[in-house]
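Undergrad: First the structure, then my questions, so here it is.
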Amino acid sequence: MIAIFRREMRGYFDSLMGVGVIGAFVVLMMLLSLLLDPLNQGGDWFKRGELSMRTFFGVFPWVAAVVVPAVSMRLWAEDRRQATFELLMTLPIPTWQVALGKYLAGLVFLAAMLAGTAAFPLMLANFGQPDWGPVLGGYVACFLLGAAFLAIGMFLSGLTENQALAFFVAMLVCLGLVGLGELRTFFGDLARARPTAALVHLTSLPVVGLAVLAAAVSRDKAVGAGSVAVGLAVNALTYLFDDQPSPPKSEAVVAALGQISVLDHFREIERGVVYTNGLVFIASLVVLFVVLNVWSLESRRHS
Amino acid sequence: MVNRKRAYTSHFLLMAVLTTVALAAVNYLAMQHRARLDLTADRRFTLSEGTQRLFESLTEPVQVTYYVDEEPPPKRVNLERDVRDKLQELASASNGKLKFSIERISLADAKEKREELEKRNIHPTVDLLTTGGDDAARAKGFQGYYSTAEVKYGLAEPVVIRDIRNLVDKLDESTENRVDTLEFDICFAVLQMRSRGAKVPLKRLVRVLREPLMVRFWVSEQMPAANPKLGETIEQALRTLVEESGGNFKFEREVVSWGRVLVDRGEALPFVNRTQEDTVDPRDPTRKGARHYYSVLQIVHAGRMNFVWDFSGETTTDAVLTKMEPFVHELTRPRTKLGMVLPPAPPNRRSQPGQVPQTDYTPLFNFVQQNLGYETEWVDLLGQRRIPRDLSCLVVFEPNRLSERELYEIDRYLAEGGHVVMFCQGWEAKLRTVGRVPSANLALTKTPMHRHFEDWARNLGIEFDQTLLIDRGGKLAPYREHSRTGAIELIPASVPLAAVVEPGDINGQSVYGRGLGGLPLPFVVRIKPDDAKIAAAGLERQDIIALKNDIYRFIPANPAFPELPLNMNLNSPAEVESDPDATPGEKIRLHRLGEPALVATALRGQFTSFWTGDRKVPAWETQPGLAPPEDPLAGQPAPELKPRPGSLILYSSAGSLNIEYLYGYNLDEVRNALIPIGLTMFRNAADVAIYGEDFVRLRVRTGVAPRITGEVSEGRRLWWMLVCIAGMPLALTAWGVGRALVRARQRQEYEAALGSGGQS
């Protein structure tokens, strides 16, 4: 596992791409949080006068959803392209160790990306006495979210040898996860008006998603298309039945949405409040996608 | 092949679903048992115990609507976000009992919408624009924007929290409603609405009133053309109330003809109702004009009066009763009664028994009576011989001068659940001199501190250190009254005898400390609490004011006749010892305290009477020229009490409420700051009495995010922008170049080694 880890680390830091990703990430984050501040009506960080990194943590999920897939896209796809994948799979070590070695290397690279933004907290210290609790908590949360995106990206990278495709799909999934929080109001209203429909939408989303992933793993187009069609049909059918408003059901849907909304958890973290359930959700994403990655590789190994 | 593929798909799907279900279960458990970490240093996003208690006890939902300007001033760019943070915190901690919405008001919004908001008392907030945020800043204009929250609870009238600002600069610290007080403001609004929420319907109210309700109904012969039976409808409604009341409601009807009757009788006509329709004057059919008519109710209850007019639209008796209801509720609502114990008047101003003594505190007492909206009564301890138990709060000026029996009565009131505010006075000085220029020194007098008062306070764990404290920033101006004209002429000397309470001196989280910033405390001394004794007495202490500025002890040259030099220089090393640990020399007049001086504190809990066991009930003191009062209790063991938790607030200065010391300030200061802040002390104490423990437990202020300190020059700003944005890419480029150079060198060395190897 250590050998795999070292190999991947060399892959990141010996290539221009790795250094370029860190540079691009830092520039993008700093421009967005210091000058543009797109989430708070725009403006200069200095004009706000607040000694905090809220603008930074506010834009991080969106930037990470784009940049982290760029880090993860090469994890498996590069091996497939260079035909070293088969070599790795035939090594006398368990698949999970190979996957974990690669994932740990990705985590270290993610940490290096975050360390690249250390100038921001240094600037805070220079301009007064900042509250370090939210800054540290924010960085830990950023690392965790990055770790989750990395796991997603690594899993999707294992499904294709096309790095661009791996990047694009991972980016879409990550952006979807972040954007889900923005749909909370819409889902909340829907849950109040048609609770059963909202419940069906909410449960069918991961089920259909997993079915599509399973189809992608085994390159079984029929199963993929079939599960999407069934999912759509079931969701559409719910609108044919009379759906009476039911406050307990609506509340359950809204609570579940709150739990899976990365953005909601991040809004809390941004101001210095951490709810353990948010961390559990992000950690669950890491576990789920690393495990899926190992199983998908195992299935390839034996197919 | 297909079957094998399907098998893998099924296997993968099964395992994925199982993992997902397991993780969903973990997430469900995490949702149910979630913990919360507030990482801010001052725990500003953690609700106070009081707020949590209040939300637990609420029976109705709370709805907060925040009206905010879409384009706030640049200074307020964080305002909406900061308010949202607070509201979100309250909403998530309230278990669904508080819901909020944010409504943005833009310039493009229709005039009707703005007018609708105005009707609901939602007006734009006006900010003074200045050239900076420091003391040297100059005003350069005003800017208006919306920032108001409307709080609704149950059926009660909504409470509007106006002009919510975030703390950006010093100017904001003096504003009343801020983001850091929002938690308290909302909770207080809910408390207020809850206490006045349940209103008894009028028909039931008239049955249960303790005192009868009297109504005088003025009605014109001619009613408006649109509602000609209005007079009869109102009369019918009043008759219904008479039938329902069981003799508790009476009314008289008086017919008024065109307002002449009242004018002829010399009574005012403030309640003329007018319609704008053209009509004919019955006395002069040729005259046309606006119709005037009366449909006015004068409602009298327990010596108070209220008017209801404008009945023009009411066509049924129920509508008339609905219209009357809020007016009757206002008139009959329970009132907050403040009792005041004043010190005895000086011999030259002695009043008759039963009359309010003419002391230096009496003008403020009159002012409170007129302006604070509470019922205020002078508690004549010598005449009444007990404190009325229906008082919400008892204010005692200079308790250190009270007789033992007077203190005994206050002690019993406190032990039976009373709320007492005591303003002690350690020192005094005659600032006013008639007809002569005072000397270079101001004569000071130690106010008598009776032994029984000291013992009583010590029993509670409180001691007064009667050393006079001097504050560098404080001032009191002695003045003289010209003997011929009687005009007041100030002497140009400012004596630092009044400590000024700065925002940092106040326990910002205590409800007792609300709005006390800028309060002058003349002749302040120090309160020394004994925590062990307070705890042993089962009381809870909450400090209100601890002076943290440069506070000095005054050391009189002659302790027998203390005098303060009017030209005393606080910066002169010859007069001031600044080292708190040093022993002051003989010539030193001031010695730095070196630690905060507690000058106001509150004790809460079940007070135990001082007069128990061997201590017998003290006798009333005999008044000069009067026969000794009959006093069967004197010398007897104290009768049994009905114990209930109460509160005692102690201030170590009463001077800010003493008219004697206010003359030294200019009129604007007195009108705009001193009196309102003085009244705030009463308001805080009275609110404690009205809203009880729920109110005391609230946290008045939460922390705020730290801000950039000092000026940020353009150069410094650009430098840090450059470091943040370009620093890392430049470092990475340098690292990459360095690494490439090292590699090139290694390659060269390798190739050279290969070459030499080849040659050999």
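The values are calculated or read from the model by the stated rules, or taken from the named source; none is laboratory data. These figures come from a predicted structure and were not determined experimentally. With ideal geometry, Cβ positions are generated from the backbone for all residues, glycine too; neighbour counts draw on all protein chains shown. Calculation scope for accessible area: heavy atoms of the full protein, side chains included, ligands and nucleic acids excluded. Shrake-Rupley method; radii C 1.70, N 1.55, O 1.52, S 1.80 Å.
Undergrad: List the relative contact order of chain B as a percent without decimals, with contacts defined as Cα pairs under 8 Å and 6+ residues apart.
TA: 11
Undergrad: Given a 1.4 Å probe and heavy atoms of the protein chains only, how would you sort B:Tyr663, B:Tyr361, largest accessible area at the top?
TA: B:Tyr663, B:Tyr361
Undergrad: Accessible area per residue for chain B in Å², computed with a 1.4 Å probe and the full protein assembly in place, what is it?
TA: About 50 Å² of surface per residue is accessible.
Undergrad: With runs of 4+ DSSP H residues as the only contributors, calculate the mean residue ellipticity of chain A at 222 nm using -39,500 (n - 2.57) per run, divided by the residue total and rounded to the nearest 500.
TA: -25500 deg cm²/dmol
Undergrad: Okay, next question. So how far apart, in nm, are the two label points at A:Leu91 and B:Arg207 if each is 7 Å from Cα heading toward Cβ?
TA: With each label point 7 Å from Cα toward Cβ, the separation is 8.9 nm.
Undergrad: For region B:319-373 and region B:150-164, what is the centre-to-centre distance using only Cα atoms, to the nearest Å?
TA: 28
Undergrad: Provide the buried accessible surface between chains A and B in square angstrom, both chains summed, 1.4 Å probe, rounded to the nearest 100.
TA: Interface between A and B: roughly 5800 Å².
Undergrad: Right, next: Quick one: Debye curve from the C-alpha atoms of region B:49-195, no solvent, what's log10 I(q)/I(0) at q = 0.13, 0.19 Å⁻¹?
TA: Debye curve over Cα of region B:49-195, log10 I(q)/I(0) at q = 0.13, 0.19 Å⁻¹: -0.60, -1.15.
Undergrad: Counting alpha carbon pairs within less than 8 Å and at least 6 residues apart, what relative contact order, in whole percent, applies to region B:24-145?
TA: Answer for region B:24-145 is 23 percent.
Undergrad: Could I ask something else about it? Report, for the protein assembly as shown, the % of DSSP beta bridges that are antiparallel, rounded to 5.
TA: So the antiparallel bridges in the protein assembly as shown amount to around 65 percent.
Undergrad: For peptide A:114-125, what's the mean number of Cβ atoms from other chains within 10 Å of each residue's Cβ?
TA: Rounded to a whole number, the mean comes out at 3.
Undergrad: Can I ask one more? Considering only protein heavy atoms, what is the solvent-accessible area of B:Arg333 at a probe of 1.4 Å, reported in Å² to the nearest 10?
TA: Accessible area of B:Arg333: about 100 Å².
Undergrad: Still on this structure, please answer the following. Over the whole of A:45-54, what's the average partner chain Cβ count within 10 Å per residue? Rounded to a whole number, please.
TA: Shielding by partners across A:45-54 averages 6.
Undergrad: Could you calculate the contour length gain from B:Glu157 to B:Val742, that is, 0.36 nm times the residue separation minus the distance between their Cα atoms, to one decimal place in nm?
TA: Gain on stretching B:Glu157 to B:Val742: 202.8 nm.
Undergrad: What 222 nm value per residue comes from the helices of chain B, counting each DSSP H run with n ≥ 4 as -39,500 (n - 2.57) and dividing by all residues, nearest 500 deg cm²/dmol?
TA: The helix-only estimate for chain B comes to -10000 deg cm²/dmol at 222 nm.
Undergrad: When ranked by the protection proxy of mean other Cβ atoms within 10 Å per residue, highest first, what sequence do the peptides A:156-165, B:610-619, B:595-604 form?
TA: Ranked by mean Cβ neighbours within 10 Å, highest first: B:595-604, A:156-165, B:610-619.
Undergrad: What is the calculated FRET efficiency for A:Leu28 to B:Ser195, with r their C-beta to C-beta distance and R₀ = 51 Å, to the nearest 0.05?
TA: 0.40
Undergrad: Could you tell me what percent of the accessible area of chain A is made up of carbon and sulfur, with a 1.4 Å probe and every protein chain present?
TA: Summing carbon and sulfur atoms, their accessible area is 73 percent of the total for chain A.
Undergrad: Any idea which of B:Thr51, B:His33, B:Val68 is furthest toward the positive side of the dipole for region B:1-81, if Lys and Arg beta-carbons carry +1 and Asp and Glu beta-carbons -1?
TA: B:His33
Undergrad: Using the Karplus equation 6.51 cos²θ - 1.76 cosθ + 1.60 (θ = phi - 60°), what ³J(HN,Hα) coupling, rounded to whole Hz, does each residue of region B:87-95 give in order, writing x for Gly and Pro?
TA: Values per residue, Gly and Pro as x: 5, 4, 4, 5, 5, 6, 8, 8, 6 Hz.
Undergrad: Now for a different question. Each residue of region A:19-25 in order: what ³J(HN,Hα) in whole Hz does its phi give by Karplus 6.51 cos²θ - 1.76 cosθ + 1.60, θ = phi - 60°, with x for Gly and Pro?
TA: My calculation for region A:19-25 gives 5, x, 5, 4, x, 5, 4 Hz in order.
Undergrad: Using each residue's phi in region A:70-77, evaluate 6.51 cos²θ - 1.76 cosθ + 1.60 at θ = phi - 60° and report the 3J(HN,Hα) Karplus result to the nearest Hz, with x for Gly and Pro.
TA: Result, ordered by residue: 5, 6, 7, 4, 8, 4, 10, 4 Hz.
Undergrad: Between the alpha-carbon centers of region A:255-300 and region B:649-688, tell me the distance in whole angstrom.
TA: 57
Undergrad: If you place +1 on the Cβ of every Lys and Arg and -1 on the Cβ of every Asp and Glu, how big does the dipole about the Cα centre of the protein assembly as shown come out, in debye to the nearest 20?
TA: 2140
Undergrad: In debye to the nearest 20, how big a dipole does chain B give about its Cα centre with +1 on each Lys and Arg Cβ and -1 on each Asp and Glu Cβ?
TA: Dipole about the Cα centre, nearest 20: 1680 debye.
Undergrad: May I ask for the distance between the Cα centers of region A:127-206 and region B:701-747, given as a whole number of Å?
TA: First find each Cα centre; the distance between them is then 29 Å.
Undergrad: Taking H placed 1.01 Å from N in the peptide plane, check which residues at least 5 places from B:Arg707 or on another chain put their amide H under 5 Å from its amide H.
TA: The answer is A:Leu51.
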